[in-house]
Amino acid sequence: MPNPLKIFSISKKQSTIPFKEYYTNWFHTLKNPLLPLLHQTLSSPSSQALLSSHLNLLLHHFLSYYDSLDLAVTTDPNNLPYLLFPSWRNSLEKPFLFLGDLHPYTFTNLIRSFLDQENHSDDENDLVLDNYNEKKSLVVLDRPWQVMMAWKNTSKKLINKIEQIECGLRLIVPSLMDRYKRAQAGFVARVADDWVGFGGKKEKFDVGEAMKMETEELVSVFVDANRLRRSVISEIVGALNVYQGALFLEGLAQFLVGFKEPGLIREFEKCKIPINDRAGN
């Protein structure tokens, strides 16, 4: 994958970065080889050390992406509009975005889905146990025993940690949105004041100057949102054992890859929710 420092170096002739190309390369690396590598390790009786190594490769890949977003916007704040409203995200991805990238709730909802699925899968676990007892093998249902039972009898300490992360998000996410809205409102108000001041003469009006006044806070909010995403992913993985952590990152990678499935995108775009006007009824 290209060096972000080279990608985000801004020349006088080029005021925007090719972040779309960077993301494409980053995504391709995620899809192949990192995700198949982790999947293969989870599906074979590999050592914990090897699984931990592949887990860390994928974790670093996710965290490095948010580092690159920060580098892009701090290298040149003019990149902020392109990063807040990324053109490289498709129609299926955009509802999941928060200040330019995945909403932090995506990560906590994903880990919750693993925990909740385990609480409602006793019958499946009994089937796995029966297969294990019958075959006397450490590999059942195409995955090692330790992987299949990774979420069985999760500790109270882990549940408390996830609840703590969720509680933090409920405080921080609204705060970030409030800061973003205040900066946006300040920009709109400044544009309106300047427009009136110049008598609506567009040749004298410079939106860029108005934008500069609020850019510093918007950049700060964007960077803080990325810091939050990095923190949530790191805290979740840090609270899990190696099998749980690998399954969590595998699930997150599969989630992102699934967004690019052409058939799924077509189905999403064909789905129209009718709006009924009941005001006159």
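Bear in mind that the values in this text are calculations on the coordinates, not laboratory data. Keep in mind that this is a model prediction, so the values were computed, not measured. All Cβ positions, glycine included, derive from the backbone under ideal geometry; neighbour counts span all protein chains shown.
Hey, which of these cross-link pairs are over 31 Å Cα-Cα: 161/212; 157/260; 31/152; 20/161; 94/156? Too far apart for the 31 Å limit: 161/212; 157/260; 20/161; 94/156. Under 5 Å from the amide H of residue 98 lie the amide H atoms of 103, each residue being 5 or more positions distant or on a separate chain, with H modelled from the backbone and absent for Pro and chain starts. Stretching residue 152 away from residue 91 to a fully extended chain increases their span by 18.3 nm, per 0.36 nm per residue minus the current alpha-carbon distance.
When Lys and Arg each count +1 and Asp and Glu each count -1, what net charge do the other residues less than 13 Å away from residue 44, Cβ to Cβ, add up to? Present the calculation step by step, with values, prior to reporting the outcome.
On the way: positive: 143; negative: 142.
Net of charged neighbours comes to 0.
The distance from the alpha carbon centre of region 151-187 to that of region 211-275 is 14 Å, rounded to a whole number.
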